[in-house]
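In what follows, a single structure is set out as structure tokens and then discussed.
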Amino acid sequence: MELNHINGEGEETDREPSLPNNFRENRYPHSRYPVRQKAYIFDGDGNYYNKEWDLAEGRGKEFCWYHVELPKGNQKLSQSAQYLIDVLCPPLKLQDILSLTSNGPFCGHVDGALVFRVNSPGPPSSKFTFRIAARITENSVITVSLGRVPRLGFSPANESLLSEIPAVESPSYGGREQKQGGGIVIREHVLDFLLTMNHSEEADNPVPKSVSNLVVHIIDTHVDHLQDVVTNLEIELDSVEFELDRGGFALKKQMLDDRRFPKMHIDLQRLLQVIAHGEQVFPRVKQNCSSKDWFAPEDINSLEELIGRLRRLKENVGFIANRVTAIQAGLDSWQAEQINRKLYYLSFLSIIFLPLSIITGLFGMNVGGVPWTGQRDPELKDGFLNVILLCVGMLAVVLLCFIFPALYSRVMAWQRRRALRRSWSLNRKSFIKRTVEGGEGKERGGYLRL
């Protein structure tokens, strides 16, 4: 058996990675999406090798790991189940496939194996949709993920891009990394990618010596993947805030038209749902694994630390959601201010043209007696005056309808104040009278009645 050779993660971002011997790519005639498979066998002493995809379990100290990477496309959930049936059946049964593919959180024993999944129900093509499921036995682990999970696989040591001595990029280098003076030249976009990473590369992963080490590694990479997405969101939000502070009317209007922050808020809610699923599943995984004699106690402590990281990550996502809400509220306030300013200009124009419209309305009436028109007919001379009186009467009725509630409230308030003042005067007279009587009672040795 040959040692596995996988390129470092930083190199994969700059050029198309070559598939290793144990990394198979299957294309089915009913789909244009590839399904990738990885198969490892570990000897229990810190070494790992390639193996064929036979889904066999290890013997003795050896244990096997089979990983299926589903494509991030727009396929239905039933199509993903068909992919798993093609690569995992036999020996797995239909209940095993359903437990690995279904949406939502789950942790329990299926056909004698411990199965857990953290599958969010969002669209598979979204970068905020995470799906990781595992089937664990004493000598084998089968995992299923949606898309590539960073740092999940293993590469030979000393092939990590992080172990190289870097050099400053020169304009003459227009292609891939090149060695210069004992250092490797890293392109700018690769450096940007490495700055967003919260973990090392695959070549720096410690090789698990037991199934419990492998389970901790799988959950750890899932939490790291979530942390990477949160870090990218923070960087994107910082750049957007900087653009808003520096930008003008056009930029703010474009962000409102694109609904950028409502979409970001929806993505954050999806991310919170994934983290909430992990908070439900991973404590149950720790509880079920603690009863296994082949699960190391130090790995139980590692699972507890990962659960704590997940809770802190949830708080961080909540802070980001509050920032997005505050920025959206600022944009809404700016939009309301712009609308109020336009309405102010419109009301100013209406003030200018309102007298003109009144004058044209009055002198444009088709009645007799309009001033300065030379109408001398005695029968029609009172028509304009009658219309004006009718308009004044209607205006008085409308004003009365608006003024009556205010007048009514003022009258009622005046009556209440009058009644209160009258009651206070009666109480004062009664108090003075009782005080005088109380003085006489003191002389008689009596008590003042309150």
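The values are calculated or read from the model by the stated rules, or taken from the named source; none is laboratory data. Please read these numbers as outputs of a predicted model, since none were measured by experiment. Using ideal geometry, Cβ is built from the backbone for each residue, glycine included, and neighbour counts are taken over all protein chains shown. Accessible surface is based on the protein model in full, side chains and every heavy atom, while ligands, DNA and RNA are left aside. Shrake-Rupley method; radii C 1.70, N 1.55, O 1.52, S 1.80 Å.
Amide H of Phe154: which non-local residues (sequence gap of 5 or more, or other chain) have their own amide H closer than 5 Å, using H built in the peptide plane?
none
Residue-wise, which Karplus ³J(HN,Hα) couplings in Hz belong to the range 130-137, taking 6.51 cos²θ - 1.76 cosθ + 1.60, θ = phi - 60°, and x for glycine or proline?
Calculated HN-Hα couplings, in order: 10, 9, 9, 9, 9, 10, 10, 10 Hz.
Hey, can you rank 59-69, 360-370 by average C-beta count inside 10 Å, highest first?
Answer by packing, highest mean first, reads 59-69, 360-370.
Accessible area per residue of the range 194-303 at 1.4 Å probe, in Å²?
Details: 5080 Å² over 110 residues.
Here the per-residue accessible area is 46 Å².
Largest first, how would Cys289, Cys401 line up by accessible area (1.4 Å probe)? Present the calculation step by step, with values, prior to reporting the outcome.
Numbers: Cys289 0, Cys401 90 Å².
From most accessible down to least: Cys401, Cys289.
In whole angstrom, how far apart do the alpha carbon centroids of the range 67-125 and the range 203-246 sit?
Taking the Cα centre of the range 203-246 as reference, the centre of the range 67-125 is 23 Å away.
I'd like the Kirkwood hydrodynamic radius of the range 253-361, using the inverse of the mean 1/r over distinct C-alpha pairs, in Å. The partial results should precede the final answer.
Numbers: mean 1/r = 0.0532 Å⁻¹.
For the range 253-361, inverting the mean 1/r across all distinct Cα pairs yields 18.8 Å.
Order Ser423, Ser126, most accessible first, counting only protein heavy atoms with a 1.4 angstrom probe.
Solvent-accessible surface, decreasing: Ser423, Ser126.
Ile403: accessible area at probe 1.4 Å, nearest 10 Å²?
80 Å²
Past 23 Å, Cα to Cα: identify those pairs from Lys72/Lys292; Lys263/Lys286; Lys51/Lys127; Lys209/Lys286, in the order given.
Working: Lys72/Lys292 34 Å; Lys263/Lys286 35 Å; Lys51/Lys127 31 Å; Lys209/Lys286 19 Å.
Listed pairs above 23 Å: Lys72/Lys292; Lys263/Lys286; Lys51/Lys127.
Give the carbon-plus-sulfur fraction of the accessible surface of the range 31-114 in %, rounded to a whole number; probe 1.4 Å, heavy atoms of protein chains only. Please report the intermediate quantities before stating the final value.
Working: 1870 of 3750 Å².
Carbon and sulfur together cover 50 percent of it.
Taking the Cα centre of the range 213-286 as the origin, how large is its charge dipole in debye, to the nearest 20, when only Lys and Arg (+1) and Asp and Glu (-1) carry charge on their Cβ atoms? Please report the intermediate quantities before stating the final value.
Values: 9 positive and 13 negative charges, 73 e Å.
Dipole magnitude for the range 213-286 comes out near 340 debye.
Using a 1.4 angstrom probe on the protein heavy atoms only, line up Lys72, Lys38, Lys252, Lys342 by accessible area, largest first.
Details: Lys72 85, Lys38 25, Lys252 50, Lys342 135 Å².
Sorted by accessible area, descending: Lys342, Lys72, Lys252, Lys38.
³J(HN,Hα) across the range 145-154 via Karplus (A = 6.51, B = -1.76, C = 1.60, θ = phi - 60°), whole Hz, x for Gly/Pro?
Those phi angles translate into 10, 9, x, 7, 9, x, 6, 6, x, 10 Hz.
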